1. Return a yes/no flag: does the range 192-209 have any residue that is part of a loop (DSSP other than H, G, I, E, B), modelled with pLDDT of 95 or more and touching a strand residue (DSSP E or B) at 6+ places or on another chain (Cβ under 6 Å).
2. Which number in (1) modelled with pLDDT of 95 or more; (2) more than 19 Å from residue 219 (Cβ to Cβ) marks the one condition that residue 140 misses?
3. Tell me, which residue of the range 94-130 that is part of a strand (DSSP E or B) and in contact with a helix residue (DSSP H, G or I) (Cβ under 6 Å, 6 or more places away or on another chain) is modelled with the highest pLDDT?
4. Select from the range 131-145 the residues that are in a loop (DSSP other than H, G, I, E, B) and either in contact with a helix residue (DSSP H, G or I) (Cβ under 7 Å, 6 or more places away or on another chain) or not assigned by TED's automatic domain parsing to the domain that holds residue 188 (or both) and write down the one among them that is surrounded by the fewest Cβ atoms within 10 Å (Cβ to Cβ).
5. Which number in (1) surrounded by fewer than 15 Cβ atoms within 10 Å (Cβ to Cβ); (2) at pLDDT below 95; (3) touching a helix residue (DSSP H, G or I) at 6+ places or on another chain (Cβ under 9 Å) marks the one condition that residue 167 misses?
6. Can you find even one residue in the range 38-48 that is over 22 Å from the mean Cα position of the chain (by Cα), at pLDDT 75 or above, closer than 19 Å to residue 69 by Cα and not in a helix (DSSP H, G or I)?
7. Looking at the structure I just gave you, is residue 182 out of contact with any strand residue (DSSP E or B) (no Cβ under 9 Å at 6 or more places or on another chain) and in contact (Cβ under 8 Å) with a residue 40 or more places away in the chain?
């Protein structure tokens, strides 16, 4: 191709000559991310496509790579690596109006300005194919830093599980300006639940009926947890106690 024909081509596609040669030179440069890309692919394949960029970032740090999450996310897009779509959880604790409800104090303003200001709770179900039982997880999440304050695992989503979770999460005698948000599950409408919160000075808050995104912090946490630690691994767990260990 002659220089004249190249100029015509660049003019036709409205590309500057300097831009063309810049990208041409880039093709000759070694890929500085080649080793990191290989590690990302290795982790992604090892975990059967269940790890998103957050978990891959943590695994890279464990392997000695000091890299930020945004870079990992960008390289995964370049490699066309995307974690498996999360399956929607089937369990619902809603049984209608069976007790005391609370207003939605959060209004989808999820992040707190300090620890223990906005907390979230819910219950999710894990069904193990190799077991006739199911496992139920009940955590409390802090909206300030997205950390799990405490959690309880049980083979039954009963009131005792929620009471234990509350006692483990809120150990101080009294709390100022603390909100605990939940859905309208029967456990959270129970008198015992509200009595505990009132005794600690904690304000109860509830999602609107049929609006799961009102409790988006918990929805997101459960989704990430299941996609990265459970989906694709179900058949490898021989029992509930076997699955309990990695959690």
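The values are calculated or read from the model by the stated rules, or taken from the named source; none is laboratory data. Note that the structure is a prediction, hence the values are computed from the model and not measured. Virtual Cβ from ideal backbone geometry, glycine too; neighbours counted across all protein chains shown.
1. Quick first cut of the range 192-209, residues part of a loop (DSSP other than H, G, I, E, B) only: 201, 207-209.
Those left that are additionally modelled with pLDDT of 95 or more: 201.
Now drop any that are not touching a strand residue (DSSP E or B) at 6+ places or on another chain (Cβ under 6 Å), which leaves none.
No: the range 192-209 contains no residue that is part of a loop (DSSP other than H, G, I, E, B), modelled with pLDDT of 95 or more and touching a strand residue (DSSP E or B) at 6+ places or on another chain (Cβ under 6 Å).
2. So residue 140 meets the others, but not (2).
3. First pass over the range 94-130, keeping only residues part of a strand (DSSP E or B): 118-121, 124-127.
Add one more test, that the residue is in contact with a helix residue (DSSP H, G or I) (Cβ under 6 Å, 6 or more places away or on another chain), and what stays is 120, 124.
Working: 120: 97, 124: 91.
Looking at residues that are part of a strand (DSSP E or B) and in contact with a helix residue (DSSP H, G or I) (Cβ under 6 Å, 6 or more places away or on another chain), I get 120.
4. Just the residues of the range 131-145 that are in a loop (DSSP other than H, G, I, E, B), to begin with: 131-133, 143-145.
Next, only the ones that are either in contact with a helix residue (DSSP H, G or I) (Cβ under 7 Å, 6 or more places away or on another chain) or not assigned by TED's automatic domain parsing to the domain that holds residue 188 (or both) stay: 131, 133, 143.
Working: 131: 17, 133: 11, 143: 22.
Selected residue: 133.
5. With respect to (1) surrounded by fewer than 15 Cβ atoms within 10 Å (Cβ to Cβ); (2) at pLDDT below 95; (3) touching a helix residue (DSSP H, G or I) at 6+ places or on another chain (Cβ under 9 Å), residue 167 is out only on (2).
6. no
7. Working: out of contact with any strand residue (DSSP E or B) (no Cβ under 9 Å at 6 or more places or on another chain): no; in contact (Cβ under 8 Å) with a residue 40 or more places away in the chain: yes.
Taking the combined requirement at face value, the residue does not satisfy it.
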